[in-house]
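The values are calculated or read from the model by the stated rules, or taken from the named source; none is laboratory data. All of these numbers come straight from a predicted model, not from anything done at the bench. All Cβ positions, even for glycine, are placed from backbone atoms using ideal geometry, and neighbour counts span all protein chains on display. With ligands, DNA and RNA removed, areas are computed over all heavy atoms of the protein, side chains included. Shrake-Rupley method; radii C 1.70, N 1.55, O 1.52, S 1.80 Å.
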Amino acid sequence: MNFWTVTILRIVPIFFLACVMIAIPLYPGGNMLDPTQSGYDLSRNFLSELGGYNAQSGETNFFSAFFFNMGVFAFSLVGVAFLFIPRLFAHHHIAFISASIGSSLMVVGCFLFAAVGLTPHDLYFDAHLFVVLTAFRLIVPATLFFIVAFSLVNIPRIYLVIGVVFLMSNILYVIYQWQFENPRAGESSLIEAVIFQKLIITLCMLNIFSFSYAFARLLGEKQNRVRE
């Protein structure tokens, strides 16, 4: 239980960020508005561009794609981990139901996020767009159900606060995607969309990492009840 409910939720976000850091300097260049750009620009390239078969410059993107897609695919392990999470709430009936619903949504969301590594944007654009947008939109209700579950059990409120901050940020990001995002409208619009994407993914990694500490606390309490 500790491996799946705690260790995996800490290792995978760190592994993903490490893969991204390795992939960035290996990216040949170009962005969706300027194929002549040299290398990867943090304010003009989306993260998923690291996973394309070709870079926006038209050059082969093998090494960058290899590391980025490996990091993204690791989230399939997080999906498996959430299958174990509801057991931590078994002592509280309503919290267990809420956590079970949240976990079900997170399992699907994590596997869709992992599928980003199997759907390079330049080869399978429609499929790529579907898995990215659906993953983010599933995480919104999943986080809400976990916030409800956390509010019913004995854990420090800081984990609840982090969950609420991420939930509100993700809701705003989904609204932004639906109503305002248009990176092809010009350079300022591209920079805006790229920065918002990186901010929400950073918050997502932080939220998963925070969840691991809340789950560790619940696991410890579960083990204490067993001893008693």
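Within the accessible area of segment 141-228, what % is carbon and sulfur when the probe is 1.4 Å and the other protein chains stay in place? It would help to have the intermediate numbers written out before the result.
Numbers: 2990 of 4570 Å².
Within segment 141-228, the accessible surface is 65 percent carbon and sulfur.
Along the axis of the charge dipole computed for segment 11-155 (Cβ charges of +1 for Lys and Arg, -1 for Asp and Glu, origin at the Cα centre), the listed residues Leu138, Tyr40, His92 are led at the positive end by His92. Note that the chain presents 47 Å² accessible area per residue, ligands and nucleic acids not counted, probe 1.4 Å.
In terms of its Cα atoms, the chain spans 66, 34, 26 Å along the principal axes, sorted from long to short.
Which percent of the accessible heavy-atom area of segment 1-127 goes to carbon and sulfur, probe 1.4 angstrom? Don't jump to the answer; show the numbers that get you there.
Numbers: 4080 of 5710 Å².
Carbon with sulfur: 71 percent of the solvent-accessible area.
Just report the Cα centroid separation between segment 126-178 and segment 79-97, whole Å. Cα centres, segment 126-178 to segment 79-97: 17 Å. For the residues Val226, Val108, a 1.4 Å probe over the protein chains yields an accessible-area ranking, largest first, of Val226, Val108. Projecting the Cα atoms of Tyr53, Ile24, Phe75 onto the charge dipole of the chain (Cβ charges, centred on the Cα centre) puts Phe75 farthest toward the positive pole.
For the charge dipole of the chain, defined by +1 on Lys and Arg C-beta atoms and -1 on Asp and Glu C-beta atoms about the Cα centroid, which residue among Val194, Ser210, Cys110 has the Cα displaced farthest towards the positive pole? Positive-most Cα among the choices belongs to Ser210.
Sorted from largest to smallest, which semi-axis lengths in Å does the alpha carbon gyration tensor of segment 30-112 give for its equivalent ellipsoid, taking the root of 5 times each eigenvalue? Before the final figure, lay out each step's value.
Details: eigenvalues 315, 30, 12 Å².
So the equivalent ellipsoid measures 40, 12, 8 Å along its semi-axes.
Each Cα pair under 8 Å and six or more residues apart adds its sequence gap; the mean of these over the residue count of segment 3-227 is a relative contact order of 22 percent.
For segment 110-211, the Cα gyration tensor yields ellipsoid semi-axes of 28, 16, 11 Å (square root of five times each eigenvalue, largest first, whole Å). Only four residue types carry charge here, +1 at the Cβ of Lys and Arg and -1 at the Cβ of Asp and Glu. Report the dipole size of segment 1-127 about the Cα centre in Debye, rounded to the nearest 20. The calculated dipole for segment 1-127 is roughly 600 debye.
Two tests apply to each whole DSSP H helix in the chain, Cα reach of 20 Å or more along its axis and mean Kyte-Doolittle hydropathy of at least 0.5, and the ones passing both are 8-23, 93-114, 125-151, 157-179, 187-227.
Near Gly29, the amide H atoms lying under 5 Å from its own belong to Gly39, Gln56, Ser57; only residues 5 or more places off or on other chains count, and H is placed 1.01 Å from N. Over the chain, dividing the summed -39,500 (n - 2.57) contributions of all DSSP H runs of at least 4 residues by the number of residues returns a 222 nm mean residue ellipticity of -22500 deg cm²/dmol.
Counting only Cβ charges, +1 for Lys and Arg and -1 for Asp and Glu, the dipole size of the chain around its Cα centre is about 1060 debye.
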